[in-house]
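> Questions regarding the structure given below will be posed in turn.
Every number in this text was worked out from the coordinates using simple rules, so none of it is lab data. A quick note: this is a predicted structure, and the numbers were derived from the prediction, not measured. Cβ atoms come from the backbone with ideal geometry, glycine included; neighbour counts cover every protein chain shown.
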Amino acid sequence: MSEHVPPWRTAVLCGVALCSFAANSLLCRLALRSGSIDPTSFTAIRLASGAIVLGILVSFRRQNPWKRESWLSGVLLFLYAICFSLAYLGLSAGTGALVLFGSVQTTMIGYGILRKQHPEAKEWIGLLLGSAGVVYLVLPGVMAPPLFSALLMAAAGAAWGLYSIRGKANKDPVASTAANFLWSMPLGAVLMVLAGNAHHASSAGVLYAIVSGAITSGLGYVVWYAALKHLSSNQAAILQLSVPVLAAIGGVTFLQETMTWRLVLCSALVFSGVLVTLRGSGVPRAR
């Protein structure tokens with residue numbers, strides 16, 4: 001029995017989730033580049049904040065927030081978060097975005113091919129347009145990256161891709177995301193212990209981490225899980241190419257960064273790729 005889902009609903013869910021991902025990048029950039037917090041503290045506080053908010057939300061629904069099957073997603077969430085934070089210590093924003101989303105695309109589209117979900121012609125066209133837009137956007141900031149930092153960011157992309165793939169099977173996005181964050185929280189605590197005296201955090205850094213964890217990660221991932229049920233792995237991968245562009249637009253809007261014709265052209269390429277991918281296919285129905 002198929003559940004028909006209005007295309008506009010899935011489009012709204014995707015838009016909210018992708019804007020949340022972009023906001024996460026801005027918050028992480030603000031926190032780490034200003035030196036107001038170290039990456040291990042940012043990661044631990046981010047995960048704990050998401051776990052607390054979602055745990056409370058699930059408790060109000062009289063559900064058990066701990067799900068045994070969510071431990072692996074919790075590990076993947078932790079790996080993504082810590083690798084992402086550590087990698088940006090050695091990478092420029094452009095290089096990091098290129099490595100991250102290249103890894104996400106490879107993971108999710110590769111999984112789809114293994115499951116006999118070969119991209120259609122319009123999906124290949126959308127992928128090429130979107131990828132060209134991202135490469136053109138970050139090209140001025142791309143430089144030969146330190147190998148270890150590049151490997152960390154590639155690992156972050158692979159972990160996020162697998163996390164998204166596992167999310168497609170979840171019927172209750174709120175309960176599943178809460179369980180994932182709760183399973184990741186002990187790993188964040190262990191990380192803080194291992195860091196010893198190496199961590200530091202100002203009030204601004206803690207605030208950035210809390211907002212990132214509770215709102216743009218915790219609630220944002222709930223929305224993403226809800227959208228994933230109605231997307232193929234290929235569509236989900238291509239949609240995420242819009243995140244670097246949204247982050248750049250956010251930088252112009254909120255961080256007083258400069259609007260350029262390069263950004264306008266990149267935005268047009270990426271969003272054209274997304275539209276080509278989704279146009280005419282409707283929205284996949286949940287099985």
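> What is the P(r) of the chain, as percent of Cα-Cα pairs per 5 Å bin from 0?
1, 6, 12, 17, 20, 18, 13, 8, 4, 1, 0, 0
> Quick one: check the C-alpha center-to-center distance for the stretch 114-130 versus the stretch 1-60, whole angstrom.
27 Å
> Order 11-19, 238-246 from most to least packed using the mean count of other Cβ atoms within 10 Å.
238-246, 11-19
> Now, a different point. Can you tell which of Leu72, Tyr208, Pro39 lies farthest toward the positive end of the dipole of the chain, using +1 and -1 charges on the Cβ of basic and acidic side chains (Lys, Arg; Asp, Glu)?
After comparing all options, I get Leu72.
> Based on the mean of other Cβ atoms within 10 Å per residue, sort peptides 166-173, 27-34, 270-277, 257-264 so the most packed one is first.
Packing proxy ranking, top to bottom: 270-277, 27-34, 166-173, 257-264.
> Which ordering of His199, His230, His118 is given by a fewest-first count of other beta-carbon atoms within 10 Å?
Lowest count first: His118, His199, His230.
> Can you tell me the dipole magnitude for the chain around its Cα centre, using point charges on the Cβ only (Lys, Arg +1; Asp, Glu -1), in Debye to the nearest 20?
That gives a dipole near 700 debye.
> Below 8 Å, C-alpha to C-alpha, sequence gap of six or more: please give me the relative contact order for the chain in percent.
40 percent.
> Select from Trp183, Asn197, Leu151 the residue farthest towards the positive end of the dipole of the chain; place +1 on Cβ of Lys and Arg, -1 on Cβ of Asp and Glu, and compute about the Cα centre.
The Cα lying farthest towards the positive end belongs to Trp183.
> Shifting gears a bit: Given the rule -39500 (n - 2.57) for each run of at least 4 DSSP H residues, summed and divided by the residues of the chain, what is its mean residue ellipticity at 222 nm, to the nearest 500 deg cm²/dmol?
-24000 deg cm²/dmol
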